[in-house]
Amino acid sequence: MVMAGGGFRFGIYLGMYAAACEAGRKPDLLLASCGGAMAAAIIHGLPENAQRKAWLMSKQMYEFCCQLKPSYRCSIVPIFFQALKRKLSKQAAPLIPDLFNDYLFEIPLPLPLPPSPSETVQPALALICSKLLFSENEVLQARGKRKLFAETVRCEPRGAALLQEMPSPFAHPRWGEHALSADLLTDVQMPLHDAVRISLADFFYFQCHPYKREYYSGGVLDLFPIEVAKQLAHEIIIEFKQSFDQKFATAAWRSVLGLDANQRLRYVHGQFADVWVDTSDIEEILKNQQVQKKIDWRNNCISLRPPDSYEAHVCYMNQQWEYGYQRAMQAFESPPNHKSQMRNINRYNRPEA
């Protein structure tokens, strides 16, 4: 089961996993990126779905949301000026990005993860991270054709063996002159809390993370790792997701990675998977059921607003869980055929104007 992104709606993945168990399709491997990494670690750390759901709704998780703070560099005018520059530029990653200092929010530590079981406990985990191939003293220099990131999969030895001969999914010429290395790396020793923290670190949202004298950024580098999933598993469950926001998200992808986000999404949606869980309407159905970004003019920053109370947090997490559960059950009961999938691709993922 691929748990791709999700932001602060990671509760949907616990619902999807519970539905898979109930439908007799329990995954033995979770391949996760960004917010999905948090959900995968909770599933991996607790043996029962009821315990996982309770952890999601716990005060510990609510306190984590409340502790998300703006970074000290989070001033409104510079943020919007930089976003506008990225929007107007059509160049593919022209500069080495400053992922050390140019970020909006601080991630509170430690992360609210359950105690990790031994690595032999199912489901196994594979988490998407990105290794920085540049140092802080090189930021904002012209990139040229230099590769800046190496996709890194934190996994167990069996997964590393399966991925040993695989190149990066972005080594193919179809993706253009981007900033990603042709090499796919694996790491079997990275502690789970480091891997989750790294995978959460979307560029411009959270600071990159140090590990063993190297720096890593988020799983957004390969948000829909279908090629990695096919290398690791015989059967794949993955989301059919909404298209990217063309105001900010696509510009950020182009500026940092040199990739067209919606082109990547259309490509993934055109691949075969055994089960597609349709979450393409999540912005409509779960519009407010998460941590919200808010412009705080008084303090000259963009802040993250948690639910107004612990009771609201419980309500939101339950709605996320139910959404994931219901959508996954629908997918297991009547998997979409290829023609239906292509109609959805045309509907939700039109190329940018």
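Find the accessible area per residue for segment 93-155; the probe is 1.4 Å, ligands and nucleic acids are left out, and the unit is Å².
On a per-residue basis, segment 93-155 sits at 40 Å².
Mind checking which lysines have their C-alpha under 20 Å from Lys230, skipping anything on the same chain fewer than 8 residues away?
Straight-line reach from Lys230, under 20 Å: Lys26, Lys241.
For segment 233-283, report the convex hull volume of the alpha-carbon atoms normalised per residue, in Å³, without decimals.
86 Å³
Going by amide H atoms built from the backbone, whose H comes under 5 Å of the H on Asp183, apart from near neighbours?
So Asp183 has HN proximity to Ser168.
Any aspartates and glutamates with Cα under 18 Å of the Lys145 Cα? List them, leaving off those in the same chain fewer than 8 positions away.
Counting by Cα, and skipping residues close in sequence, Lys145 has these aspartates and glutamates nearby: Asp98, Glu177, Asp183, Asp260.
Ordering Glu136, Glu333 by how much accessible area each has at a 1.4 Å probe, largest first, what is the list?
The residues order as Glu333, Glu136, largest area first.
Suppose the Debye formula is applied to equal point scatterers at every Cα of segment 136-210; what is log10 I(q)/I(0) at q = 0.13 Å⁻¹?
Scattering profile of segment 136-210, log10 relative to I(0): -0.50.
Just subtract the alpha-carbon distance of Leu111 and Arg146 from 0.36 nm times their residue separation and send over the number in nm, one decimal.
9.2 nm
Using only alpha carbon positions, build the gyration tensor of segment 31-108, then give the equivalent ellipsoid semi-axes as the square roots of 5 times its eigenvalues, largest first, whole angstrom.
With the √(5λ) rule applied to segment 31-108, the semi-axes are 35, 17, 10 Å.
With a cap of 14 neighbouring Cβ atoms within 10 Å, and only residues DSSP puts in a loop, list the trypsin sites (Lys or Arg not before Pro) found in segment 83-113.
Answer in residue order: Lys90.
On the accessible surface of the chain, probed at 1.4 Å, how many percent belong to carbon and sulfur atoms?
52 percent
For Tyr216, which sequence-distant residues (separation of 5 or more, or a different chain) have an amide H within less than 5 Å of its own amide H, given hydrogens modelled in the peptide plane?
Counting only residues 5 or more places away or on other chains, the set is Leu132, His209, Tyr211.
Compute log10 of I(q)/I(0) for segment 47-172 with the Debye formula, placing one identical point scatterer on every Cα and leaving out solvent, at q = 0.17, 0.18, 0.19, 0.20 Å⁻¹, to two decimals.
These q points yield log10 I(q)/I(0) values of -1.17, -1.18, -1.20, -1.22.
Could you grab the Rg to Rh ratio for the chain? Cα atoms only, Kirkwood for Rh.
When Rh is taken as the Kirkwood radius, the ratio is 0.93.
Using a Förster radius of 30 Å, what is the FRET efficiency between Ile285 and Ala23 based on their Cβ-Cβ separation? Nearest 0.05, please.
Calculated transfer efficiency: 0.90.
Placing unit charges on C-beta atoms (Lys and Arg positive, Asp and Glu negative, everything else neutral), compute the dipole magnitude of the chain about its Cα centre in debye, rounded to 20.
It works out to roughly 1000 debye.
In the full protein assembly as shown, how much of Thr279 is accessible to a 1.4 Å probe, in Å² to the nearest 10?
10 Å²
What pairs from Lys212/Lys294; Lys90/Lys287; Lys59/Lys247; Lys59/Lys131; Lys147/Lys294; Lys85/Lys293 go past 24 Å between their alpha carbons?
Beyond 24 Å: Lys212/Lys294; Lys90/Lys287; Lys59/Lys247; Lys59/Lys131; Lys147/Lys294.
The values are calculated or read from the model by the stated rules, or taken from the named source; none is laboratory data. Computed from a predicted structure; not experimentally measured. All Cβ positions, even for glycine, are placed from backbone atoms using ideal geometry, and neighbour counts span all protein chains on display. With ligands, DNA and RNA removed, areas are computed over all heavy atoms of the protein, side chains included. Shrake-Rupley method; radii C 1.70, N 1.55, O 1.52, S 1.80 Å.
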